[in-house]
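The values are calculated or read from the model by the stated rules, or taken from the named source; none is laboratory data. These figures come from a predicted structure and were not determined experimentally. Here the Cβ is made from the backbone with ideal geometry for all residues, glycine too, and neighbour counts use every protein chain on show. What goes into the accessible areas is simple: the full protein's heavy atoms, side chains included, and nothing from ligands, DNA or RNA. Shrake-Rupley method; radii C 1.70, N 1.55, O 1.52, S 1.80 Å.
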Amino acid sequence: MTALSSDNAPASVAPDTAAPDVPAPAGSGATPAQAPTAAEIVARAVAADGRRAAPAVVIERLRLADPWRWLALGMRDALAAPGVAAFYGMCFWIMALVLGWVFRTRPEYTMSIASGCLLVGPFLAMGLYDTSRRREAGLKPSLGDSLTCWDTHMGSMGMLVLVLVVLELLWGRASLVVFAVFFNTGMPSTTGVLEAVFSPSNWTFVAVYAAVGGVFAALVFSTSVVSIPMILDRDTDALTAGITSIRVVVENTLVMLQWGALLTLIVAASLWFWGIGLLVAGPVLGHASWHAYRASVRPAALVGTTASAGG
């Protein structure tokens, strides 16, 4: 594994050898040197930052068997750090219990609680990513380290979580519009929601709702599938991480569709029996997601070095 800080090492920049401005002698007729404006200072800073940009990443070509390998590696990491896995599994289970209780008792607050889970979830997942990263580097993982691994990435994580929350709120608003336009039997109660939704008179609603939900689910998945572990691993900004995540999905569409389907099926199966399955599925999927990122993204410099050695 490459050193964690090598990806972001700044490129060497030639020093500014220009001579300092010297005021022109009085009466010489020369125009005095002007101090740089704020716009010029910003432009110079942006140009310097561009010269120090981190190396680009290369999107790897994935195979259809890879998601199963990621799950096996995730299970191995969970068994290697059972205390960490138990803690995060309990957190995921409690979140599911709270969300289910609110849906049954106060359904009007379900969207708010779901937004809160979307705020907390990425930080919990980052703790699992840190555990897998430490094991990959030959370091001993610990719960304390996993709980604080995100504190130096707060800006990027905050921006990414904000994007995910906005998408979730737009998804909820679009769902209300679909209900208002296509639902034919009145808004269902929480006790008869399945019977009302899947009534033959509402098949058009089911199709439209599934299509709209699929679009938003694809956006959320594409934006976040490797962006959070990339922020942890390379300390990159949220925009770069999100774009890289979308590139991974576009360039490996079939594999990512399979991976998304596996995540959905495992989480759905875990929600039976009061969500007790999340005690195991949550940590395993978190660790597996780290390995999905590591298999999908490689630093360009590392790829070039490997190719040269092979030649």
To the nearest 10 Å², what's LEU219's accessible area with a 1.4 Å probe?
80 Å²
Probe 1.4 Å, all protein chains present, accessible-area order of ILE231, ILE243, ILE113, largest first
ILE243, ILE113, ILE231
Accessible area in the full protein assembly, largest first, 1.4 Å probe, for ARG133, ARG104
ARG104, ARG133
Solvent exposure ordering (accessible area, 1.4 Å, most first) of VAL250, VAL163
VAL250, VAL163
For an R0 of 45 angstrom, estimate the FRET efficiency from the Cβ-Cβ distance between ARG76 and ALA207 and round to the nearest 0.05.
0.65
